[in-house]
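Here is the structure we will look at, set down as structure tokens.
The values are calculated or read from the model by the stated rules, or taken from the named source; none is laboratory data. If you're wondering where the values come from, they're calculated on a predicted model, not measured in any experiment. When we count neighbours, we look across all protein chains shown, and the Cβ atoms used for this are built from the backbone with ideal geometry, even at glycine. What goes into the accessible areas is simple: the full protein's heavy atoms, side chains included, and nothing from ligands, DNA or RNA. Shrake-Rupley method; radii C 1.70, N 1.55, O 1.52, S 1.80 Å.
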Amino acid sequence: MLTGSQVALVTPMFDDGRVDFESLKRLVEFHIQNGTAALGAVGTTGESATLTVDEHIAVVKATVEYAAGRVPVVAGTGGNSTAEAIELARLAQEAGADYSLSVVPYYNKPTQEGIYRHYRAIAEAVDLPVILYNVPGRTVADMSNDTALRLTEVPNIVGLKDATGDIGRACDLIRRVPEGFALYSGDDPTGMAFMLCGGHGVISVTANVAPKAMSELCEASLAGKTREARAINDRLQGLHKQLFTEPNPIPAKWALARLGLIGNGQRLPLTPLTEASVAPLEAAMQQAGVL
């Protein structure tokens, strides 16, 4: 089981939108040196919605190559077409990924039965271990806890990223899932509470900018060191907020550019961080100790 701080990695780009693989390599080293437990390639934060399939797999393959077995790579393989999600999972496995992260189908608003059958079809078609990803704020469709529990019985489905931010709901799920099934928070502001309630780690946007602190937060939370975890989380609260004042990953990319790790390119319909958001984000970075 993966535990600890997994980063939802940005995909660095040049100003013209081309993928910047040299900066990607620099980011991978940055995370490995700062304690990140796993690299999440081409998820929402990696701008999967605007990468072609060839680019998508090239980024996964490059991340695997740069990681060189030092940490696992979790490839984003979601789609609102089950056939497409299966194909992305197959390609990610061929590229060397260790896990797939597959989002609840978006836009077409499937029923709970449709969500269940979608994931079961993926798990049965591909050997790559599947982590479910529930983020109703983006997909509209919301996978219920009961559906998630049904899916824990499907071989090859090994975990769930819960980005609802609902701690009551998370506690219900944590109590009911079978032993050995991993639960990760996908909501940075409530990640500490999620882990203190029994979750196994985070798949984090904040970890892009403050990987060492997020790793230490996870270590303290998973060990039940509440006071230590709270002290670290207090320093990160500004980042948890400011990295989402504009659509993700706009603020994260600006912050990484401010740190000199990447350029500040992204693809339309995403646009550069607005001037009004710059000062609050810099202040949050200073509070977190990364500037």
Review point. So, of the residues in the range 142-154 that are open to solvent by 10 Å² or more (accessible area, probe 1.4 Å) and of a type outside the set (Val, Ile, Thr), which turns out to be farthest from Glu179 (Cα to Cα)?
Key: Asp142
**Study point:** Scan of the range 113-141 for residues that are open to solvent by 20 Å² or more (accessible area, probe 1.4 Å) and more than 24 Å from Arg90 (Cα to Cα), ordered by number
**Key:** Pro136, Gly137, Arg138, Val140
Exercise for review: Look at the range 202-230 and say how many of its residues are open to solvent by less than 60 Å² (accessible area, probe 1.4 Å) and not in a strand (DSSP E or B).
Suggested key: 16
Review point. If you check Ala148, Ala97, which single one turns out to be under 28 Å from Lys25 (Cα atoms), of a type outside the set (Lys, Arg) and touching a strand residue (DSSP E or B) at 6+ places or on another chain (Cβ under 7 Å)?
Key: Ala97
Review point. If you check every pair at least six apart or on different chains, which have Cβ atoms under 8 Å apart with a residue in the range 49-72 that is farther than 14 Å from Ala95 by Cβ first and a residue that is part of a helix (DSSP H, G or I) second?
Key: Arg70/Ile32; Val71/His31; Val71/Ile32
Check your understanding: Within the range 29-67, how many residues turn out to be over 16 Å from the mean Cα position of the chain (by Cα), outside any helix (DSSP H, G or I) and aliphatic (A, V, I, L, M)?
Key -> 1
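With the requirement that a residue be of a type in the set (Asp, Glu) and in contact with a helix residue (DSSP H, G or I) (Cβ under 8 Å, 6 or more places away or on another chain), what does the range 103-152 give you? Steps first, please.
Residues of the range 103-152 of a type in the set (Asp, Glu): 113, 124, 127, 142, 146.
Selection gives Asp127, Asp142, Asp146.
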Practice item. Tally the residues that are buried (at least 24 other Cβ atoms within 10 Å of the Cβ) and in contact (Cβ under 8 Å) with a residue 40 or more places away in the chain, restricting the search to the range 243-265. Key: 6
Study note, to complete from the structure: Within the range 97-112, the residues that are outside any loop (DSSP other than H, G, I, E, B) and either surrounded by fewer than 19 Cβ atoms within 10 Å (Cβ to Cβ) or modelled with pLDDT under 95 (or both) are Gln112
